[in-house]
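Here the structure is laid out as structure tokens; the discussion comes afterwards.
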Amino acid sequence: MCDRRSRATRTRTSRVGAPGGLLIPRGSPIQGSGTADATPHAMNPTEQELRDIAKRRVEARSGFIIHATMYIVANLGFLLIWAISGAGYPWFLWPLIGWGIAIAAHALALTIGPGSAHEQHAIERELQRLHPSPHH
């Protein structure tokens with residue numbers, strides 16, 4: 001006997017590629033309407049969607065700038081405290097290194113992480129690979 005849930009899922013999705021391929025909901029922006037001249041919504045975002053994407057990216061860059069500024073200010077403060085207190089063991093290096101790793105991770109996430117321009121370009125390349133142009 002067929003499981004009700006799996007049957008319902010089969011009727012609302014279609015497979016892409018070989019058996020075991022990606023399940024995509026029918027009528028989703030990725031799948032499109034099935035007509036040759038239809039362009040999926042995901043490929044033509046509205047002006048408001050573009051504005052939202054731009055806003056998120058600007059906010060992410062601003063967040064990184066604030067993070068990097070705080071890193072510099074705090075670590076200069078640690079260096080100053082170390083120098084004033086007798087310049088013994090260079091303990092200030094530990095927060096400098098630890099926080100530096102966090103700054104590097106933040107920068108990496110900003111440049112190639114979710115929502116980045118790099119991710120968007122990678123998605124576009126993958127879509128081109130999945131749907132090659134008939135002219136090539």
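The values are calculated or read from the model by the stated rules, or taken from the named source; none is laboratory data. It should be emphasised that the depicted structure is a prediction, and the values quoted were computed from it without experimental measurement. All Cβ positions, even for glycine, are placed from backbone atoms using ideal geometry, and neighbour counts span all protein chains on display.
Against the list (1) modelled with pLDDT of 90 or more; (2) out of contact with any helix residue (DSSP H, G or I) (no Cβ under 9 Å at 6 or more places or on another chain); (3) surrounded by 10 or more Cβ atoms within 10 Å (Cβ to Cβ), the condition ILE84 fails is (3). Is it the case that LEU76 is part of a helix (DSSP H, G or I) and either more than 28 Å from the chain's Cα centre (by Cα) or basic (Lys, Arg) (or both)? Yes; evaluated as a whole, the condition is true for this residue. In segment 89-136, how many are out of contact with any helix residue (DSSP H, G or I) (no Cβ under 8 Å at 6 or more places or on another chain) and either outside any helix (DSSP H, G or I) or charged (D, E, K, R) (or both)? Matching residues across segment 89-136 total 12.
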